[in-house]
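First comes the structure, then the notes that go with it.
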Amino acid sequence: MIVPSSVEANLRNTHFQFPVREARLLDEGMKTGNLPQIEEQLQSLFEMLRHLQIVLCAFSLISSSLQEINAHSAGSMKVTVDLKQGLSGKYITSYIT
């Protein structure tokens with residue numbers, strides 16, 4: 001569900017935004033018809049997207065693996081990952097339900 005607080009948080013998150021300098025250079029290149037400049041900035045954008053794709057694939061793999069582990073675990077042991085905590089310390093926890 002999309003709520004105003006999550007939209008505000010996403011707008012404040014600048015980690016995955018196209019850098020200001022590159023955005024300005026791309027815009028400038030497009031306005032002036034500077035094809036080498038446009039190509040350079042698009043290559044930079046596509047490189048950023050490749051890195052993001054790798055990160056998303058890693059998250060998908062982690063999620064799938066945890067679902068499989070939890071589905072096939074003996075007893076009631078469950079494993080969870082809190083990626084927010086992972087930025088500052090312990091992020092993998094296991095608990096008994």
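The values are calculated or read from the model by the stated rules, or taken from the named source; none is laboratory data. As the structure is a prediction and not an experimental result, all values here were calculated from the model. Cβ coordinates were reconstructed from backbone atoms using ideal geometry, including for glycine residues, and neighbour counts include every protein chain displayed.
Can residue 31 be described as modelled with pLDDT under 80, basic (Lys, Arg) and out of contact with any Pro (no Cβ under 9 Å at 6 or more places or on another chain)?
No.
Condition check ((1) surrounded by fewer than 13 Cβ atoms within 10 Å (Cβ to Cβ); (2) modelled with pLDDT of 80 or more; (3) touching a helix residue (DSSP H, G or I) at 6+ places or on another chain (Cβ under 8 Å)) across all residues:
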residue	(1), (2), (3)
15	yes, no, no
26	no, yes, yes
56	yes, yes, no
62	no, yes, no
76	yes, no, no
* Which residues, counting only those in segment 28-38, are in a helix (DSSP H, G or I) and surrounded by 12 or more Cβ atoms within 10 Å (Cβ to Cβ)? -> 28, 29, 30, 37, 38
